[in-house]
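Here the structure is laid out as structure tokens; the discussion comes afterwards.
The values are calculated or read from the model by the stated rules, or taken from the named source; none is laboratory data. None of these values were measured; they are calculated from a predicted model. All Cβ positions, even for glycine, are placed from backbone atoms using ideal geometry, and neighbour counts span all protein chains on display. The protein model used for the area step is the full one, side chains on, heavy atoms only, and it has no ligands, DNA or RNA in it. Shrake-Rupley method; radii C 1.70, N 1.55, O 1.52, S 1.80 Å.
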Amino acid sequence: MISNTFGWIGRKTIRFFAHVTNISYLGWDILYWIFVGPWVGRPLRWRNVIQEMDDLGARSFPLIGTMSVSLGTVIIVIIGPQFQAFGIPDYVPELVTVFLVRELSPLLTGVVLAGRVGSMVTARLGTMVTDDEVLALEVMAIEPVEYLMVPKFIATVVMLPCLTILADLIGMTTSLIIATFGLDLPFQSYLDGVLGACTLTDVTFSLFKSVIFGIVIILVSCYQGVNTEGGAEEVGSATMVSVVTCTISVILLNGFMTIMFYL
Amino acid sequence: MIRVQGLSKTFGNLKVLDDLSLTCSKGEITAIIGGSGGGKSTFLKMLVGAVKPDSGEIWVDGSPIHALEDLALNDVRRKMGVLFQQAALFKSITVAENVALPLVENTDLDESVVAIIVKMKLDQVGLSDFDQYLPSQLSSGMQRLVGLARAIALDPKIVLYDAPTAGLDPIAASAISKLIKDLNQVLGITSILVTHDIMGAVEIADHMALMYQGRILHQGSPEELLASPEPSVRQFMHGDPDGPIQFRKSREEYEKALFEEAQ
């Protein structure tokens, strides 16, 4: 029983590191096509990048917007009255800003994109693999990593920080409106509090986290997609594994980076 | 033109190719026939370098496919076209864009020249009126014709066909067979055809090879194979379920396997 358990843990650990190694190789391959490709006659496909930015990023805006409005409302509604009761309403904007900018906006934007990008990219690539479309690219002397994955990589890594900034702005604007009209906090002092609390370090840290989330999400999604074998059922399984892996990775990485930042 | 020597490939415990040797002459149509799961499609993938053999050599137009790295392999791939069993067209782009893809990616031709070539290729397969259709709007026979137009877009010296007539109605199947013959006669394209359609292959092939359990059992002209007294060749050419080529276990073997399983 014990040896079985250790065996199971050992196998899972080996498989985990094999996946991490393969994902790293895929990452290097993508970086090669971004930074070296244009010098060896393979310019970046900006038209495809913009199309992917629209597909993977801009179309996520309604979801991110709704989430941010809800987030800004919930935080101010919970924190505001408590701080007012303790007679320290001046700390409300600072706390809301730190929560939103440093933690909640990058984390939740990452989680939302993990679901949306993870499912979309893995399902698309997985279907292309099972329908022999990726093989068709290879036999036409077209590099699948360069043609399919590089535009998705650039689009995700650029759009996730952009969406995080939008989430910050929408969340803080919502909290400002609720604080002013719902909790009777003075507009000007709340705004000054928000602007005073929002430091460059916070914004930089938030964007740094978003970029890391974007890299992890797109690499995991592409990896799961191109390693799909079989048919519709396997594409579904790969998509599910991709979304779960991306979401867990974003949550764990967020915790790790926040601890490192505060320590 | 194409020479394969001692090719072997194993997936897990399954030996797919077993010391396979075959030579395909320039300008000829070579048809490889054999049962399902006999390794024919794997063999085609090896010819384009998409699957590496465990041992053996593949020479295509003087280049050692088995030993080439990606860049050199792509140079050889540009001389080849492949028609996949399910056409493997890109579903999100139009017929014209599908046919244009190898030209756009592998040449510096002007857009207007590409458009003319695409029209010519679609004319050759009789689908010039369908250039703005999406692949999903076409029948499977028409999709395969588009796949053929894409396969010949770069005017390849060699075209590989993976079961081009499988699952098609007799008229569509004979239209594709006729096109393969025409391309061979008019353009001098060397063709390798993997098929279960014995009569279709007999009509158009210059040379036929019967593949069974990863080996070439017999080869020769279609007339030689049809007239062969060899029981295995006769069985396959005449579609007889009983004979030396076993498609299922005999009653004795089945009983023995059951008995062993019970023990």
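Overview of values
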read-out	value
Residue match in the range B:51-63 (condition: touching a helix residue (DSSP H, G or I) at 6+ places or on another chain (Cβ under 7 Å) and within 30 Å of B:GLY239 (Cβ to Cβ))	yes
Which numbered condition B:LEU83 fails, given (1) crowded, with 18+ Cβ neighbours inside 10 Å; (2) more than 12 Å from chain A (Cβ to nearest Cβ)	(2)
Residue in the range B:137-156 that is touching a residue at least 12 places away in the same chain (Cβ under 8 Å) and of a type in the set (Asp, Glu) present	yes
Residue list for the range A:163-186, restricted to those being of a type in the set (Val, Ile, Thr) and touching a residue at least 24 places away in the same chain (Cβ under 8 Å)	A:THR164, A:ILE165, A:ILE170, A:THR173, A:THR174, A:ILE178
Criterion: under 26 Å from A:ILE142 (Cβ atoms), at pLDDT 90 or above and open to solvent by 50 Å² or more (accessible area, probe 1.4 Å) - qualifying residue of B:SER191, B:SER140, B:SER136	B:SER136
Some residue of the range A:157-178 being under 16 Å from A:ASP54 (Cβ atoms), within 14 Å of chain B (Cβ to nearest Cβ) and surrounded by fewer than 23 Cβ atoms within 10 Å (Cβ to Cβ)	no
Wholly within the range B:82-197, helices (runs of 4 or more DSSP H) carrying at least 1 residues that are closer than 18 Å to B:SER41 by Cβ	B:140-151, B:170-187
Boolean, B:SER21 is touching a strand residue (DSSP E or B) at 6+ places or on another chain (Cβ under 7 Å), polar (S, T, N, Q), closer than 18 Å to B:TYR212 by Cα and assigned by TED's automatic domain parsing to the domain that holds B:HIS207	yes
Selected residue (criterion: farthest from the other protein chains (Cβ to nearest Cβ)) from residues of the range B:121-179 that are more than 20 Å from B:MET199 (Cβ to Cβ) and acidic (Asp, Glu)	B:ASP129
Any hit, the range B:37-55, residues being at positive phi, away from chain A (no Cβ under 14 Å) and more than 17 Å from the chain's Cα centre (by Cα)	no
Residue identified as within 30 Å of A:GLU233 (Cα to Cα) and among the β-branched types (Val, Ile, Thr) among A:VAL96, A:VAL157	A:VAL157
Contacts under 7 angstrom Cβ, first residue in the range A:125-151 being at the interface with chain B (Cβ under 7 Å from one of its Cβ atoms), partner assigned to a loop (DSSP other than H, G, I, E, B) and polar (S, T, N, Q), 6 or more apart	A:ASP131/B:GLN86; A:ASP132/B:GLN86
Some residue of the range B:139-147 being among the basic types (Lys, Arg) and in contact with a Pro (Cβ under 8 Å, 6 or more places away or on another chain)	yes
Within the range A:1-102, helices (runs of 4 or more DSSP H) holding 1 or more residues that are farther than 30 Å from A:VAL194 by Cβ	A:2-35, A:46-52
The one condition in (1) buried (at least 17 other Cβ atoms within 10 Å of the Cβ); (2) touching a residue at least 40 places away in the same chain (Cβ under 8 Å); (3) facing chain A (nearest Cβ under 10 Å) that B:LYS91 fails to fulfil	(1)
Any hit, the range A:54-68, residues being within 14 Å of another protein chain (Cβ to nearest Cβ) and in contact (Cβ under 8 Å) with a residue 12 or more places away in the chain	yes
Of all residues in the range B:1-55 being in contact with a Gly (Cβ under 9 Å, 6 or more places away or on another chain) and of a type in the set (Gly, Ala, Ser), the one that is farthest from B:LEU217 (Cα to Cα)	B:GLY27
